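The values are calculated or read from the model by the stated rules, or taken from the named source; none is laboratory data. Computed from a predicted structure; not experimentally measured. Neighbour counts are summed over all protein chains in view; Cβ atoms, including those assigned to glycine, are modelled from backbone coordinates with ideal geometry.
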Amino acid sequence: MRVAFFLSFFIYGAYFHISYPLIDTFFGLYGFYIFLKESRKTNFWSGFFVGIFWFYWIALSFRYYDLTYMIPFIILLAGLVYGVIFALISYVANPFIKSLLLLLVSYIHPFGFSWFKPELIFVNSYLGVEKWQFGIILFSLSLYILLSRKRDKKFALISLLLILLSLNLYPQKNKDKKLGIDIKLYDQKLPQQIKWNPRYKEQIINNNLKAINSSIKNKKEMIILPESAFPVYLNKEKLLLKKLRKLSHKIIIVTGALKYTKKGFYNSTYYFINGKIKIADKVVLVPFGEEIPLPKPLKNFVNRIFFDGAEDFKTAKKPTVIAIKGKMFTNAICYEATEDIIYKNHPRYIIAISNNAWFTPSIEPTLQNLLLRYYAKIYHTLIIHSANMGISEIIFPL
C-alpha cells in the first residue's frame, strides 16, 4: 500500500494543486526504493493499488452505456492487471533484474491501453523522464540496496550520487518561448449526458458560434474548440459548414466533430482556414471506447452484448499535418496525443483536442495533462491542448 501511495502521489498532488518538484522527486525515489526491496507477494498488492489509484476512472465511462453495474468490476480488473504485472516483475529478488523489468513496463499495454509509464512519476520533479535517466535512477537505487545489504554504507551512499546524472539539466532542442499566433482555447464545460442529448444540440452549436464571434471581436487569430465540440456529423451539416467557412475568413477555426462516410464513422478535427476545410481523422482509437481491441468474433460479441451492436470507429492511416501561418501542426485527438505514433517524426507543434467529460469528476484530466507534459519533454514538442471538462493549455517543452 505504501508503494502505491508514493508512486501515485504525483497525480493527486497535481490534482489538488500541491505539486512541488522536491516532494515529487523524494516521493518517487522512495516509492521505487521500497518496490525494489519488497517481495513478490507484497508487490502484488502494491501493483493492485497502483492500478486502482491510477486508473479507477476508466470505469466511470460505463455510466453512459447503461452499464453502471460494471464499474466495481472494471476497477477491480485494473487493480488485478497491475497487481500481476508488479508481482511478475518481483518474481526474482535481484533488484537489478527488477529494475530492468520495470524499465520495460511502459511497453506493456494491457488491452491496448498505454498510460502506465513508471518514469512519468518524475515529470514534475528535478529528475528527467528519458529512458536513460530513469535507468540511472533505478540502477542507483538497486546499487544502494545491494551495498546496504553488504553493510558497505560508505559506498552505498556514493551510489546514490549517481542519481545526479539524471537531473533534468540537458538543453532542449526546441527553443520556442512563444508560439507567435494569438490563440483562444475554448474552455468548454459540457457534461457528457448533455453533450449528445438532441435537446441541447442547437444550444451547443449557438454557444460555439458565440465563442468564435467573441474571439473575432477580441482580435484572436485562431480559436481551438475541443473534441466533438459540435455534437454532429459536421461534414453532413451544410448550413453550419457554410457559416464556419465564412467565419474562417476572419479567424482560423479548429474544432472537433464526427464525420460520416460510406466507409463508416470517424472522430475528426475540422480545420477552417480562409474559407477552406481540411479534415484530420483520428489515427489511434480509445480501447473499449472507440474500438474493441479483441479478435473479430470476440469484438462482435462484446459490441452486440454491451454496446447495442455498435461498430468501431474508422481511422486514418497516418497523422495529419496542417500548415497554419507558416508552421506545421500535427493533429491529435484525445488519447492519441499520448501515443508515440503521433510523435514518430518529432513534430515541432501539435494541436490536440479532447473530451474528458466521459471521466469527470476524476483524476483522468490531470493524468492526461501529465502525460502531455511527458511527451512534450521527450520529443521537444510544443502541444496546444483544448479540452472539454479538462485542462486546456499550451504546453512548452521545458
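Things worth noting here:
- Annotation: of all residues in segment 20-73 being charged (D, E, K, R) and not in a helix (DSSP H, G or I), the one that is modelled with the highest pLDDT is GLU38.
- Selected residue [closer than 17 Å to LEU141 by Cβ and of a type in the set (Gly, Ala, Ser)] from ALA59, ALA93, ALA87, ALA14: ALA93
- Search result, residues across segment 236-267 that are small (Gly, Ala, Ser) and within 28 Å of the chain's Cα centre (by Cα): GLY256, ALA257, GLY264
- On inspection, ALA78 qualifies as in a helix (DSSP H, G or I), of a type in the set (A, V, I, L, M, F, W, C) and touching a residue at least 24 places away in the same chain (Cβ under 8 Å).
- Of the residues in segment 113-123, at least one is among the charged types (D, E, K, R) and either free of Cβ contacts under 8 Å to residues at least 12 places away in the same chain or crowded, with 22+ Cβ neighbours inside 10 Å (or both).
- Considering segment 340-361, the residues that are closer than 26 Å to ARG63 by Cα and of a type outside the set (Gly, Ala, Ser) include one that is surrounded by the fewest Cβ atoms within 10 Å (Cβ to Cβ), namely PRO361.
- Of residues in segment 9-21 being touching a Ser or Thr at 6+ places or on another chain (Cβ under 8 Å) and under 12 Å from VAL123 (Cα atoms), the one surrounded by the fewest Cβ atoms within 10 Å (Cβ to Cβ): PRO21
- Search result, residues across segment 322-359 that are hydroxyl-bearing (Ser, Thr, Tyr) and either out of contact with any helix residue (DSSP H, G or I) (no Cβ under 8 Å at 6 or more places or on another chain) or part of a helix (DSSP H, G or I) (or both): TYR335, THR338, TYR343, TYR349
Here's the yes/no breakdown for (1) touching a residue at least 12 places away in the same chain (Cβ under 8 Å); (2) surrounded by 15 or more Cβ atoms within 10 Å (Cβ to Cβ):
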{"residue": "ASN197", "(1), (2)": "no, no"}
{"residue": "LYS201", "(1), (2)": "yes, no"}
{"residue": "ILE204", "(1), (2)": "yes, yes"}
{"residue": "ASN208", "(1), (2)": "yes, yes"}
{"residue": "ALA211", "(1), (2)": "yes, yes"}
{"residue": "ALA229", "(1), (2)": "yes, yes"}
{"residue": "TYR233", "(1), (2)": "yes, yes"}
{"residue": "LYS238", "(1), (2)": "no, no"}
{"residue": "LEU241", "(1), (2)": "yes, yes"}
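- Residue within segment 6-19 that is assigned to a helix (DSSP H, G or I), farther than 20 Å from LEU77 by Cβ, in contact with a Leu (Cβ under 7 Å, 6 or more places away or on another chain) and among the β-branched types (Val, Ile, Thr) present: no
- Scanning segment 210-240 for residues that are assigned to a strand (DSSP E or B), in contact with a Lys or Arg (Cβ under 6 Å, 6 or more places away or on another chain) and over 16 Å from LYS184 (Cα atoms) turns up just one, PRO231.
- Selection over segment 244-254 of residues that are without any contact (Cβ under 8 Å) to a residue 60 or more places away in the chain and surrounded by 15 or more Cβ atoms within 10 Å (Cβ to Cβ) gives a count of 7.
- The residues on offer are ILE363, ILE384, and the sole one that is out of contact with any strand residue (DSSP E or B) (no Cβ under 7 Å at 6 or more places or on another chain), in the same structural domain as ILE273 (by TED's automatic domain parsing) and in contact (Cβ under 8 Å) with a residue 40 or more places away in the chain is ILE363.
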